[in-house]
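K.L.:
Once you've had a glance at the structure underneath, I'll fire off some questions.
The values are calculated or read from the model by the stated rules, or taken from the named source; none is laboratory data. This is a predicted model, so every value here is computed, not measured. As a convention, Cβ positions derive from the backbone with ideal geometry for all residues, glycine included, and neighbour counts pool all protein chains shown.
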Amino acid sequence: MSSPAERDTAGHAPAALPPDSEALVSIRDLSKYYVRGDQIIPVLVDIDLDVNAGDFVALMGPSGSGKSTLLNLIAGIDKPSSGHIHVAGVDIARLSDADLALWRAANVGFIFQFYNLMPVLTAFGNVELPLQLTSLSRSERRERVDTALALVGLTDRATHLPNELSGGQQQRVAIARALITDPTLIVADEPTGDLDRTTAGEILGMLERLNDELGKTIIMVTHDPKAAEKAHRLIHLEKGVLVD
Amino acid sequence: MAVPINYIARNLLTRRLTTALTAGGMALVVYVFATVLMLAAGLEQTLVATGQDDNVVVIRRSSQTEVQSGIPRLQAGIVESLPQVAVGENGQPLVSKEPVVLINLPKRATGKPANVVIRGVTAVGLTLRPQVKLVEGRMFQPGTAEVVAGRSIADGFQGAGLGETLRFASRDWTVVGVFDAGHTGFDSEIWGDAEQMLQAFRRTGFSSMLFRLNDPDQFDDVKAAIESDPRLTLEVKREKRFYAEQSEALSKFISYLGTAISIIFSIGAVIGAAITMYASVASRTGEIGTLRALGFSRGAILAAFLGEALLLGLLGGIVGLIGASAMQALSISTTNFQTFAEIAFSFTLTPRIVVVSLIFAVAMGFVGGFLPAARAARMKIVDALRAA
Amino acid sequence: MFVPLLVFRNAFRHKLRTTLTIVGIIVAITAFGMLRTIVDAWYAGANASSSARLVTRSSVSLVFSLPLNYAQKIRQVPGITSVGWANWFGGVYITERNFFAQFAISPSYLEMYPEFVLSDAERKAFAADRVGAIAGRKLADKFGWKVGDQIPIRGTIYPGTWTFTLRGIYEGAEEGTDTSTFFFHFDYLNESIKRQFPRRGDQAGVFIEQLRDPDEAAAVSQAIDTTFRNSLAETLTETEKAFQLGFVAMSEAILLAIQAVSYVVIVIIMAVMANTMAMTARERYGEYATFKALGFSNGFVAMLIFAESLGIAILGGVLGIAFTFPMAEAFASTVGSILSGFQVSEETVAMQFAAAVVIGVVAAAVPAWNAARVRIVDGLRAIG
């Protein structure tokens, strides 16, 4: 459901506004609402937010607070109704759908609550998937995938299908996939939501290492207080508005 | 405790596209099936209805059709004088001696020629066929080159309409009337004066004889009398039987071909139903587990999914029948390869066809839905709930 | 490229569903091919006939015969190198179900049909035996006849039981040549008839003429018919091909119906396949959304669906085509004597393949469009 305002900002592409800060992610006056009949339902209202390179941020809030929507907007899989989102200097709210797809491929690594692996591809194939959009040769791709799998400790499971892997193992494959293109941002939506205590701990530990050792910027939506502990910064949302 | 019927029905409504496509496939099969049956029924009706119970047809032995047959005048005279032959009010035997020939006429629609039956009749011949009624114009005058045409011929062939002229046997013949023979074989004939036809086609003998029995039960007697007479080389049949036999080959051909085609098509539709039902079962694994946990038996689950499949079939059957019944507006004209002559008939929807078609449709649903329903019924409760 | 792998594995994810769909397509494509072949066979007789031969018959109706003495006059028409005549016998061999064509022919008739191949010995034996007969290979095989057998046929047009001695079995020079006919001597028929029914003697059913030059067909036909205009029995002369096509035209309604029905089966299976693809695509919205999140385009997702649909359809199509050939063989062996020329043509195979492609494309159209358009966030919601 796109609103007139949404179409206005996303469709016309007026002169892009330069970012006014050094932050990796710079959000100004971001709003998102849905129109149902003649009702306007706000999801996010005038959000201003900066995320620096190397940050590990947790977005938290009750159900319906808009945290997932904010994450989706930053990740470029949804378009705002109004406002600006600058990621590494690019106002992604201005990009066309086709450009946004290309942007995502190069700049975002996704980790979903339910792993979202392709059931018919092996662990290797799943991790390799984002590289199919590049012009790398087969051996080049193989090299990177091997590295990524080694990083998450799943080298010996490379030929297994998702249904042959445990939840934790599947999430690790997802993490490897998220890293493979060396993206600007890693975006995680409830990464431990489907895992037991122990496994959740393993995954969170891995995310922590990605942030500490590889300097990856991670933005995570979570309910889990244990997950929140791992983050450096907590951002709270309530009814579409940032609260402190 | 049985699963409520609105649960079953509502599932079909929820996945509208799938229901439409699956039922649509079955509807097409039923349409073809019913149409073929209607065609065969129409053909049967046309030829069986042709004829009276107490009329008898005489042709030359082994001729099979009137056109191939030839009866010398001498033999005709012998038959006429038999005691079983009814006598009319004027004391003359109710016998019609008729020359029957085939001519080639171009069809109105395509211009392509087809064979049409020309029958030379007398006043007696008209009396013997009370089902034939003149609907336009008038009867031909005996002794003239006037003819009357059956409805299908007048409509379907060039030059055969009221007031038009036909040319055959080196003469011009004017169509002065159109008759309706009540959807029987005579609708596909042209009638003229018997003597004129004999002359025009240079015949000395007749093709066939039609007479009325004094008493319908006397058929066997007169048959024996004629067929055992050494002077006669003739064969005797009841009028109805005679015409029914002439359509047997065509009717059988249509029935066999049509049924074979329908069965093959039904495989496609049944597969469609199976695919749909398997998907339906798979997507409702959680519901099945829940229903079982609540106390519904395996049998109830089986019945529920089978019911859904049968309902799909019924839906397809009804839509298919509606389409088929619209075919009743059409009529077909083709050559009967047994008689070599043109025969017109239409699609007739009988109650029997409606019932058979619906049974066929429901059967398709049953065959397609049985295995999926069995799978649903056999699920273990715990597996079903876990998979949800 | 990884796409073929992805498509192939996705297609067989639901083995049962895909197998059922393929079976359905095989049945539909085979039925389509068979029906087309039946229609082709109906026309085959006409197509196999010659344009260098003419057929002369009574202009009133084929059912009427012509005087035998017409032969001399016809022979004198310029452009004709030879004249023969034949009568349709229309007899019954044991039961009506064993229908096959029987003709009483003049000696010149056989000479005009070089496509009927007989050994010299058989030809001589046939010519020498007054009650001799020859039968086509297909016919002889059907009844297990051997040269020398006595063949009794019950006449219907010409009453009585007629017994012939089989003197030869002819083969067809080409694939399409009919070898299901029975020929015997006109003179034998004529002499017997003249004894019983003198007035029915010396009558020919049709005359066959050999043209010197096929291009002269129209002119020569005209010339023959003009010769007999205003006589006792006017004639109608046309090429053999036109004559045969006339027969086919009589059953036109049925043939059109069969052709229409052959397309209906394709539509039925298209509905089934469209249903399959719609269900399959809907179940995978989460995956399509994931692809798009990762940066793949809408077109890519649509392409996956088209590729899967086409893959399944073409696989079923090829198998269906392969299956049509043995089916046609089986069919031909049962109805061979009534309907000859039962062969699956190249055109039919091409049409079958095209049908499979159309099925694949149409079935995928709406699901692909919908999947391409699904918004990433909506699709992701479908997971879990």
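K.L.:
Can you name the strands (runs of 3 or more DSSP E) wholly within the stretch A:198-244 that have at least 1 residues being more than 17 Å from the chain's Cα centre (by Cα)?
P.N.:
A:233-238, A:241-243
K.L.:
What residue, among those in the stretch B:199-218 that are surrounded by fewer than 19 Cβ atoms within 10 Å (Cβ to Cβ) and part of a helix (DSSP H, G or I), is nearest to the other protein chains (Cβ to nearest Cβ)?
P.N.:
The extreme case among them is B:Q199.
K.L.:
Let me ask something additional. Where in the stretch B:39-157 are the helices (runs of 4 or more DSSP H), entirely inside, with at least 1 residues that are without any contact (Cβ under 8 Å) to a residue 12 or more places away in the chain, farther than 30 Å from C:R57 by Cα and not aromatic (F, W, Y)?
P.N.:
By residue number, B:73-80.
K.L.:
Further question on the same structure: Of all residues being among the hydrophobic types (A, V, I, L, M, F, W, C) and crowded, with 19+ Cβ neighbours inside 10 Å in the stretch A:104-117, which is farthest from the other protein chains (Cβ to nearest Cβ)? Just the residue, please.
P.N.:
Filtering the stretch A:104-117 for residues that are among the hydrophobic types (A, V, I, L, M, F, W, C) and crowded, with 19+ Cβ neighbours inside 10 Å, the one farthest from the other protein chains (Cβ to nearest Cβ) comes out as A:I111.
K.L.:
(1) within 29 Å of C:T165 (Cα to Cα); (2) in a strand (DSSP E or B): which one isn't true of C:T81, the others all being true?
P.N.:
If we test C:T81 against (1) within 29 Å of C:T165 (Cα to Cα); (2) in a strand (DSSP E or B), just (1) comes out false.
Residue by residue, here is whether (1) at pLDDT 85 or above; (2) within 14 Å of chain A (Cβ to nearest Cβ); (3) on the phi < 0 side of the Ramachandran plot; (4) in contact with a helix residue (DSSP H, G or I) (Cβ under 9 Å, 6 or more places away or on another chain) holds:
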residue	(1), (2), (3), (4)
C:L5	yes, yes, yes, yes
C:M34	yes, no, yes, yes
C:A41	no, no, yes, yes
C:S49	no, no, yes, yes
C:T56	yes, no, yes, yes
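K.L.:
Report, by residue number, each residue of the stretch C:115-133 that is assigned to a loop (DSSP other than H, G, I, E, B) and among the small types (G, A, S).
P.N.:
C:S119
K.L.:
Picking from C:N87, C:N10, which residue would you name as being touching a helix residue (DSSP H, G or I) at 6+ places or on another chain (Cβ under 9 Å), outside the structural domain of C:A223 (by TED's automatic domain parsing) and not small (G, A, S)?
P.N.:
Result of the check over C:N87, C:N10: C:N10.
K.L.:
Scan the stretch C:1-36 for residues that are within 18 Å of B:T259 (Cα to Cα) and among the polar types (S, T, N, Q) and jot them down.
P.N.:
C:T30
K.L.:
Can you tell me which condition B:D221 does not meet? The list is (1) within 10 Å of another protein chain (Cβ to nearest Cβ); (2) part of a helix (DSSP H, G or I), and all the others hold.
P.N.:
It is condition (1) that B:D221 fails.
K.L.:
Just name the residue that is farthest from the chain's Cα centre (by Cα) out of those in the stretch A:125-147 that are of a type in the set (A, V, I, L, M, F, W, C), more than 8 Å from every other protein chain (Cβ to nearest Cβ) and crowded, with 21+ Cβ neighbours inside 10 Å.
P.N.:
Only one residue tops the list, namely A:V145.
K.L.:
Now a separate question. Any residue that is touching a helix residue (DSSP H, G or I) at 6+ places or on another chain (Cβ under 6 Å), over 30 Å from C:S251 (Cα atoms) and surrounded by fewer than 21 Cβ atoms within 10 Å (Cβ to Cβ) - is there at least one of those in the stretch B:220-228?
P.N.:
The answer is no; no qualifying residue exists.
K.L.:
In the stretch B:158-197, which residues are in a helix (DSSP H, G or I) and within 14 Å of another protein chain (Cβ to nearest Cβ)?
P.N.:
Passing the criteria: B:S188, B:M197.
K.L.:
I'd like the residue in the stretch B:343-388 that is among the small types (G, A, S) and not in a helix (DSSP H, G or I) and, out of all such residues, is nearest to B:F33 (Cα to Cα).
P.N.:
Ranking the candidates gives B:S346 first.
K.L.:
Determine whether the stretch B:69-83 contains at least one residue that is surrounded by fewer than 16 Cβ atoms within 10 Å (Cβ to Cβ), outside the structural domain of B:L257 (by TED's automatic domain parsing), touching a strand residue (DSSP E or B) at 6+ places or on another chain (Cβ under 6 Å) and more than 30 Å from C:G155 (Cα to Cα).
P.N.:
Scanning the stretch B:69-83, I find no residue that is surrounded by fewer than 16 Cβ atoms within 10 Å (Cβ to Cβ), outside the structural domain of B:L257 (by TED's automatic domain parsing), touching a strand residue (DSSP E or B) at 6+ places or on another chain (Cβ under 6 Å) and more than 30 Å from C:G155 (Cα to Cα), so the answer is no.
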